[in-house]
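This is the structure I have questions about; it appears just below.
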Amino acid sequence: MFESILVANRGEIARRVIRTVKRMGLRAIAVHSEADADLPFVLEADEAFLLGPAAPAQSYLDVARVIEACRATGAQAVHPGYGFLAENAAFARAVIDAGMTWIGPSPDSIERMGDKINARNLMEAAGVPVAAGTREPVTDLPRALAAAAEIGYPVMVKTAGGGGGIGMGVARDDDALARAFETAVRAAERFGGGEGGAGAGPAILLERYIERARHVEVQILGLADGTVVALGERDCSVQRRHQKVVEESPSPGVTPQLRERMLAAAVRAGETVGFRGAGTVECLVDTDRQDFVFLEMNTRLQVEHPVTELVTGIDLVEQQVRVAAGEPVSFTSVTPRGHAIELRVYAEDPKRFFPGPGKIDVWEEPAGPGIRVDSGYVAGNTVTPFYDPLMAKLCVHGADREEALARAREAVAAFRLEGPKHNLPFCAELLDHAEFSSGDYDTGLVTRMRS
């Protein structure tokens, strides 16, 4: 086991990783931008290194500067968190080439699953169900129109690379496809989304769109001995702008039989790419047919990992560290208990979900049985416009879904937050909404709530 870990991230995830690293008796090293100098994750680390200005390209995304921080602090391993460089194969290789341990899957696994088209083809060859869709990059509108005619409307249009729902859109006819294709191309050009080949434009993927779908993902863990295990599923269907905002485990829309098939498919997906560490196999579930198709694989820790930790009692960050060090994990079996819900607390308008950064005047987190808050801020901090507006993750656990819902309502009501705009009113509205309360909801829930 190494003695020091540099956390190449910021905010709540950096703070959360640092907490486990220190609990394990290891030295936790933070890196930060000028804008984040007074945030809790910096103050709670054993050592902190200034990367540069607020702009991510000059700080958290500057590979050379992060490697310099590793050398300057004597870091022996690097944990990337999620976002930023977490799924950047070149960064993973740079860490390894610099003589440090990368706490994550191999660069090869990251590359193979980072391109959604390549990942689809790999999974289909491995016997994992995939939706009807394109097997080659679509680089212009005529090809997109031809592909849609073959697949059949409606289709989902998205970039072949990247994540977070950026650039995704649903098209139900040729005119809508033209608009969605242009949106995806712009997103790929701005944020990076895969290239279609020499001289071609950004690579775009088309898939059959499933009406009334649930977004359900399986947490997998690839062990040091080559074994891949599944740690249950999470329902991530509550989304705005194709981005998750609430997650729960187990999914109220998955039968025991479907769950067994999904977990087996996720293990097969991990084995196909020789996966090591924590990852997630994301699926779309057809609620009418009680069937599922592969969506993508995230080769990193997910934002919503606490719900799995709450129902299994397994610290996923600790297991990531153990696997990277070549050690056995700390558990011998997986027995999910109870029900967990995570609500993402954003600095955003609760109606239209536009970011609303600002100084935090009041920050009082709820506490009590079954309540966990993973936060990146305290009173007096400022949520700046430079990064994702996620401030905290309010998580609850109960003996069953009804108890978890009751605790979530109480926790939301008790969370005092003043200063920036925030979405706690939306969280309260959602928890009392008939569809969500019943468990019979899909990815269109938030759209219906705001229509």
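With (1) free of Cβ contacts under 8 Å to residues at least 24 places away in the same chain; (2) open to solvent by less than 50 Å² (accessible area, probe 1.4 Å) as the list, and residue 142 as the residue in question, which single condition is left unmet?
Of (1) free of Cβ contacts under 8 Å to residues at least 24 places away in the same chain; (2) open to solvent by less than 50 Å² (accessible area, probe 1.4 Å), only one is false for residue 142: (2).
Where in segment 90-180 are there helices (runs of 4 or more DSSP H), lying wholly inside it, with at least 1 residues that are farther than 30 Å from residue 67 by Cβ? Break it down into steps so the answer makes sense when it comes.
Details: elements: 107-114, 116-125, 141-151.
Here the list reads 116-125, 141-151.
Oh, and also: Can you tell me which residue within segment 280-304, out of those that are farther than 18 Å from residue 207 by Cα and among the acidic types (Asp, Glu), is modelled with the highest pLDDT?
304
Determine which member of the set 375, 451, 437 is touching a helix residue (DSSP H, G or I) at 6+ places or on another chain (Cβ under 7 Å) and without any contact (Cβ under 8 Å) to a residue 60 or more places away in the chain.
Details: 375 fails: without any contact (Cβ under 8 Å) to a residue 60 or more places away in the chain; 451 fails: touching a helix residue (DSSP H, G or I) at 6+ places or on another chain (Cβ under 7 Å).
Going through 375, 451, 437 in turn, just one is touching a helix residue (DSSP H, G or I) at 6+ places or on another chain (Cβ under 7 Å) and without any contact (Cβ under 8 Å) to a residue 60 or more places away in the chain: 437.
Only one residue in 87, 150 is within 30 Å of residue 182 (Cα to Cα), of a type in the set (Asp, Glu), at pLDDT 95 or above and crowded, with 19+ Cβ neighbours inside 10 Å, so which one is that? Please lay out each step first, then the result.
Numbers: 150 fails: crowded, with 19+ Cβ neighbours inside 10 Å.
It is 87.
Now a separate question. Quick one: in segment 86-95, which of the residues that are over 13 Å from the mean Cα position of the chain (by Cα) and among the aliphatic types (A, V, I, L, M) is nearest to residue 297 (Cα to Cα)?
Start the filter on segment 86-95 by keeping residues that are over 13 Å from the mean Cα position of the chain (by Cα), which leaves 88-95.
From the residues that got through so far, the ones that are among the aliphatic types (A, V, I, L, M) too are 89-90, 92, 94-95.
Details: 89: 14, 90: 18, 92: 17, 94: 22, 95: 22 Å.
Selected residue: 89.
Find the residue count for segment 420-449, including only residues that are open to solvent by 60 Å² or more (accessible area, probe 1.4 Å) and either among the β-branched types (Val, Ile, Thr) or at pLDDT below 95 (or both). Even if it seems obvious, please write down each step before you answer.
First, pick out the residues of segment 420-449 that are open to solvent by 60 Å² or more (accessible area, probe 1.4 Å): 421, 425, 429, 432, 434, 438, 440, 447-448.
Next, from what is left, pick out any that are either among the β-branched types (Val, Ile, Thr) or at pLDDT below 95 (or both): 447.
So the answer is 1.
Checking residue 73 against (1) more than 23 Å from residue 269 (Cβ to Cβ); (2) β-branched (Val, Ile, Thr); (3) in contact with a helix residue (DSSP H, G or I) (Cβ under 6 Å, 6 or more places away or on another chain), which single condition isn't satisfied?
All conditions pass for residue 73, except number (3).
Quick one: residue 130 ticks every box in (1) touching an Asp or Glu at 6+ places or on another chain (Cβ under 9 Å); (2) open to solvent by 40 Å² or more (accessible area, probe 1.4 Å); (3) not aromatic (Phe, Trp, Tyr) except a single one, so which number is it?
(2)
Take the conditions in contact (Cβ under 8 Å) with a residue 60 or more places away in the chain and either more than 18 Å from residue 266 (Cβ to Cβ) or of a type in the set (A, V, I, L, M) (or both) and apply them to residue 133. Does it pass?
So residue 133 passes the test.
When residues of segment 332-377 are filtered for being open to solvent by less than 60 Å² (accessible area, probe 1.4 Å) and not acidic (Asp, Glu), how many remain?
Result for segment 332-377: 26.
Quick one: would you say residue 417 is open to solvent by less than 30 Å² (accessible area, probe 1.4 Å) and within 28 Å of residue 212 (Cβ to Cβ)? Even if it seems obvious, please write down each step before you answer.
On the way: open to solvent by less than 30 Å² (accessible area, probe 1.4 Å): yes; within 28 Å of residue 212 (Cβ to Cβ): no.
Criteria not met by residue 417.
Listed here are the residues, each with its yes/no results for (1) touching a strand residue (DSSP E or B) at 6+ places or on another chain (Cβ under 8 Å); (2) open to solvent by 10 Å² or more (accessible area, probe 1.4 Å).
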position	(1), (2)
231	yes, no
236	yes, no
244	yes, yes
261	yes, yes
269	yes, no
275	yes, no
281	yes, no
288	no, yes
299	yes, no
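The values are calculated or read from the model by the stated rules, or taken from the named source; none is laboratory data. Owing to the predicted nature of the structure, the values given are computational and were not obtained by experimental measurement. FYI the Cβ positions are ideal-geometry reconstructions off the backbone, even for glycines, and counts take in every protein chain you see. Ligands, DNA and RNA are excluded from the accessible area calculation, which covers all protein heavy atoms including side chains. Shrake-Rupley method; radii C 1.70, N 1.55, O 1.52, S 1.80 Å.
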